Amino acid sequence: MAERPIDRARLTVLAGPTAVGKGTVSADVRARYPHVWLSVSATTRRPRPGEVDGVHYHFLDPDDFAGMVASGEFLEWAVVHGRNSYGTPRGPVEERLAAGRPALLEIDLQGARQVRQTMPEAQFVFLAPPSWEELVRRLEGRGTEDAEERERRLATAQVEMAAAAEFDRTIINDDVTRATDELVSLMGVDQLGTPSR
Ligand code: 5GP
């Protein structure tokens with residue numbers, strides 16, 4: 001089947017199971033492709049060491065987050081792992097696309113499904129681990145969550161793995177640099193500031 005031509009003002013949505021390395025791929029996009037515009041999500045989660053407000057997330061208290069939900073300021077939002085809320089502020093994404101520039105969202109599966117409802121023309125990319133065993137190893141190796149939280153995230157990941165078929169493309173995260181390059185190439189922005197095709 002012929003692939004869809006790259007739309008240069010397109011929204012790309014990267015999702016995938018927990019601990020697959022979405023955050024690492026995003027960080028690599030920021031570091032090596034600073035011209036690629038990545039949406040900064042809002043969250044009620046507390047910052048982890050090294051995370052900077054306004055760069056990695058907008059860290060909000062639950063009341064402020066609820067206020068943004070009530071006033072329709074999120075393109076999508078979800079409670080992730082049954083605990084914290086995460087959402088994509090609508091304004092910056094719409095401005096970016098209106099200016100004819102591509103944009104990238106790194107969000108969870110529930111959020112990706114919401115975007116599919118409202119912006120079906122977006123490109124949906126699933127980041128997959130090389131294997132389930134590797135995903136479990138990565139989740140256990142991260143060491144930032146307690147045992148109960150790890151169990152919760154594993155349960156979420158199992159359901160999320162089944163969702164790959166809903167996506168336009170799958171990228172296997174066998175190597176972060178390679179996966180990032182593939183993602184940026186799919187966005188058509190791998191040359192500095194100019195669409196690659
Ligand atoms: P973490 O707390 O490890 O940074 O992220 C937890 C999960 O939240 C990840 O699966 C990440 O993709 C997801 N996430 C981050 N930002 C957003 C967002 O704006 N919307 C949604 N729906 N999920 C998000």
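Excluding ligands, DNA and RNA, the accessible surface per residue across the chain is 51 Å² with a 1.4 Å probe.
Per-peptide packing, taken as the mean over residues of other Cβ atoms within 10 Å, places 47-59, 26-38 in the sequence 26-38, 47-59 from highest down.
For the range 150-156, putting each phi into the Karplus relation 6.51 cos²θ - 1.76 cosθ + 1.60 with θ = phi - 60° gives couplings of 4, 4, 4, 5, 5, 4, 4 Hz, in residue order, rounded to whole numbers and with x for Gly and Pro. When nucleic acids and ligands are ignored and a 1.4 Å probe is applied, residue 77 ends up with an accessible area of around 100 Å².
Of the accessible area of the chain, computed with a 1.4 Å probe over protein heavy atoms only, carbon and sulfur atoms account for 52 percent. Pairwise alpha-carbon distances in the range 109-184 exceed 21 Å for 37% of all pairs.
In terms of accessible area, using a 1.4 Å probe and ignoring ligands and nucleic acids, 44, 18 rank largest first as 44, 18. Note that the range 11-186, at 10 °C in a medium of 1.306 mPa s, gets a Stokes-Einstein diffusion coefficient of 96 µm²/s from its Kirkwood radius over C-alpha pairs. Bridges between two residues of the chain, per DSSP, are antiparallel at a rate of about 35%.
For a paramagnetic label modelled on residue 73 (point 7 Å from Cα along Cα→Cβ), amide N atoms under 12 Å away belong, within the range 35-54, to 42-43. Over the chain, Cα pairs under 8 Å with separation of 6+ residues give a relative contact order of 34 percent. The calculated 222 nm mean residue ellipticity attributable to helices in the chain amounts to -12000 deg cm²/dmol, summing -39500 (n - 2.57) over DSSP H runs of n ≥ 4 and dividing by all residues.
Write out the trypsin sites (Lys or Arg not before Pro) in the range 77-141 meeting two conditions: DSSP loop, and at most 16 other Cβ atoms within 10 Å of their Cβ. Walk me through the numbers on the way to the answer.
Values: sites: 83, 90, 96, 113, 116, 137, 138; in loops: 83.
The qualifying sites are 83.
Work out the length of the dipole vector of the chain about its Cα centre, built from +1 on the beta-carbon of each Lys and Arg and -1 on the beta-carbon of each Asp and Glu, and round it to the nearest 20 debye. Charge dipole of the chain: 360 debye, to the nearest 20. Between 41, 71, 85, the residue with the greatest mean-square fluctuation in the GNM of the chain (Cα pairs under 10 Å linked by springs) is 71.
The values are calculated or read from the model by the stated rules, or taken from the named source; none is laboratory data. In this text, all values refer to a predicted model and were calculated from it rather than measured experimentally. Neighbour counts run over all protein chains shown; Cβ positions are idealised from the backbone, glycine included. In case anyone asks, the SASA skips ligands and DNA or RNA and just uses the protein heavy atoms, side chains included. Shrake-Rupley method; radii C 1.70, N 1.55, O 1.52, S 1.80 Å.
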